[in-house]
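Below is one structure; the comments refer to it alone.
The values are calculated or read from the model by the stated rules, or taken from the named source; none is laboratory data. Because the structure is a prediction, the values reported are computed rather than measured. Using ideal geometry, Cβ is built from the backbone for each residue, glycine included, and neighbour counts are taken over all protein chains shown.
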Amino acid sequence: EAQVTQNPRYLITVTGKKLTVTCSQNMNHEYMSWYRQDPGLGLRQIYYSMNVEVTDKGDVPEGYKVSRKEKRNFPLILESPSPNQTSLYFCASSFSNTGELFFGEGSRLTVL
Amino acid sequence: AQKITQTQPGMFVQEKEAVTLDCTYDTSDPSYGLFWYKQPSSGEMIFLIYQGSYDQQNATEGRYSLNFQKARKSANLVISASQLGDSAMYFCAMREGGSYGGATNKLIFGTGTLLAVQP
């Protein structure tokens, strides 16, 4: 089954404790990206990747890092989480920049 | 700057009736793509329908249709014969950089409309 898989789905952590949200897709997609969803703001792009080793900042990259060492994986790294990073995070992928975006199921993160 | 506006924070509809969710957009690109996604209470984002700016006909997918009025820059979602399972948040989105998303392949999202279907 074609899918985008995120882990963990739910996480409660404390300020400053590094964490990684994994994202993996099994569709051989070139394009991957991370979004965060906050009430009243819709979804906003954090980082994106066009292909292996090619990543760049989206609209709200502060406090986040990403890497793309393999085509299928695109982890989101929070080196020192802060409460303002409490949000619902989505990973998305597409075969090309014209194709439909496939979203993962979301990861709800709470930073205390 | 490109922008999506959804002016209806919440709506009610009776089961089996049709409902229209409003979406207006702003872009200076002649080529763009418009999407609708459904987000149920479980949180996942479900793709519903897509309309390209050069598409001659309005997009349809089952009970979903997109009322595309290019001159008015509107892309309203019409759900026919509403079902209880249609209760969810609905997001309108536009692909930045025209139909071709450029390097970012970014979608710009509206703030969503929460639809409640009543029995």
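Out of all the residues in region A:54-70, which are over 11 Å from the mean Cα position of the chain (by Cα), modelled with pLDDT of 95 or more and closer than 14 Å to A:Y31 by Cβ?
Selection gives A:R68 alone.
Quick one: how many residues across region A:63-85 are surrounded by 15 or more Cβ atoms within 10 Å (Cβ to Cβ) and touching a residue at least 60 places away in the same chain (Cβ under 8 Å)?
Count: 2.
Just wondering, is there one or more residues in region A:68-78 that are part of a loop (DSSP other than H, G, I, E, B), within 14 Å of chain B (Cβ to nearest Cβ), closer than 19 Å to B:F109 by Cβ and touching a Phe, Trp or Tyr at 6+ places or on another chain (Cβ under 9 Å)?
Looking for residues that are part of a loop (DSSP other than H, G, I, E, B), within 14 Å of chain B (Cβ to nearest Cβ), closer than 19 Å to B:F109 by Cβ and touching a Phe, Trp or Tyr at 6+ places or on another chain (Cβ under 9 Å), one finds none in region A:68-78, hence no.
Just one of the numbered conditions (1) surrounded by 20 or more Cβ atoms within 10 Å (Cβ to Cβ); (2) within 14 Å of chain A (Cβ to nearest Cβ) is not true of B:F47; which one?
(1)
Under 24 Å from A:S107 (Cβ atoms), buried (at least 18 other Cβ atoms within 10 Å of the Cβ) and in contact with a Lys or Arg (Cβ under 7 Å, 6 or more places away or on another chain): which single residue out of B:A93, B:A88 fits that description?
The unique qualifying residue is B:A88.
Can you spot a residue in region A:15-26 that is closer than 30 Å to B:Y50 by Cα and not in a strand (DSSP E or B)? Steps first, answer last, please.
Initial filter on region A:15-26 (closer than 30 Å to B:Y50 by Cα): A:21-26.
Those left that are additionally not in a strand (DSSP E or B): A:26.
Looking through region A:15-26, at least one residue is closer than 30 Å to B:Y50 by Cα and not in a strand (DSSP E or B).
Which numbered condition trips up A:T110, out of (1) assigned to a strand (DSSP E or B); (2) more than 24 Å from A:L11 (Cα to Cα); (3) more than 10 Å from chain B (Cβ to nearest Cβ); (4) not aliphatic (A, V, I, L, M)?
A:T110 satisfies every listed condition except (2).
I want to confirm something. Restricting to region A:42-67 and keeping residues that are among the charged types (D, E, K, R) and more than 11 Å from every other protein chain (Cβ to nearest Cβ), which single residue is farthest from A:T15 (Cα to Cα)?
From region A:42-67, those among the charged types (D, E, K, R) are A:44, A:53, A:56-57, A:59, A:62, A:65; that's our starting set.
Narrowing further to those that are more than 11 Å from every other protein chain (Cβ to nearest Cβ): A:53, A:62, A:65.
Numbers: A:E53: 29, A:E62: 15, A:K65: 16 Å.
For region A:42-67, the residue satisfying everything is A:E53.
What's the total number of residues in region A:12-36 that are over 14 Å from the mean Cα position of the chain (by Cα), hydrophobic (A, V, I, L, M, F, W, C) and more than 12 Å from A:F102 (Cα to Cα)?
Of the residues in that region, 2 qualify.
Inside region B:4-40, can you point out the residues that are within 12 Å of chain A (Cβ to nearest Cβ), closer than 19 Å to B:Q83 by Cα and exposed (fewer than 14 other Cβ atoms within 10 Å of the Cβ)?
B:P40
Regarding A:T5, is this residue part of a strand (DSSP E or B) and in contact (Cβ under 8 Å) with a residue 24 or more places away in the chain?
yes
Return only the number of the condition from (1) more than 15 Å from the chain's Cα centre (by Cα); (2) under 14 Å from A:I77 (Cα atoms); (3) within 11 Å of chain B (Cβ to nearest Cβ) that A:P39 does not satisfy.
Going through the list (1) more than 15 Å from the chain's Cα centre (by Cα); (2) under 14 Å from A:I77 (Cα atoms); (3) within 11 Å of chain B (Cβ to nearest Cβ), A:P39 breaks only (2).
Whether any residue in region A:12-33 is exposed (fewer than 14 other Cβ atoms within 10 Å of the Cβ) and closer than 30 Å to B:L114 by Cβ is what I want to check.
yes
Take B:G62 and tell me if it is surrounded by 13 or more Cβ atoms within 10 Å (Cβ to Cβ), closer than 23 Å to A:S94 by Cβ and more than 12 Å from the chain's Cα centre (by Cα).
No: the conditions fail for B:G62.
Scanning region A:86-102 for residues that are surrounded by fewer than 20 Cβ atoms within 10 Å (Cβ to Cβ) and at pLDDT 95 or above, which turns out farthest from the other protein chains (Cβ to nearest Cβ)?
A:T86
List the residue pairs whose Cβ atoms are under 9 Å apart, where the first residue sits in region B:72-96 and is in a loop (DSSP other than H, G, I, E, B), the second is modelled with pLDDT under 95 and among the β-branched types (V, I, T), and the two are 6 or more positions apart or on different chains.
Between residues of region B:72-96 that are in a loop (DSSP other than H, G, I, E, B) and residues that are modelled with pLDDT under 95 and among the β-branched types (V, I, T), the close pairs are B:K73/B:T27; B:E96/B:T27; B:E96/B:T104; B:E96/B:I108.
Does region A:39-47 contain any residue that is over 23 Å from B:Y32 (Cβ atoms) and not acidic (D, E)?
Among the residues of region A:39-47, at least one is over 23 Å from B:Y32 (Cβ atoms) and not acidic (D, E), which makes the answer yes.
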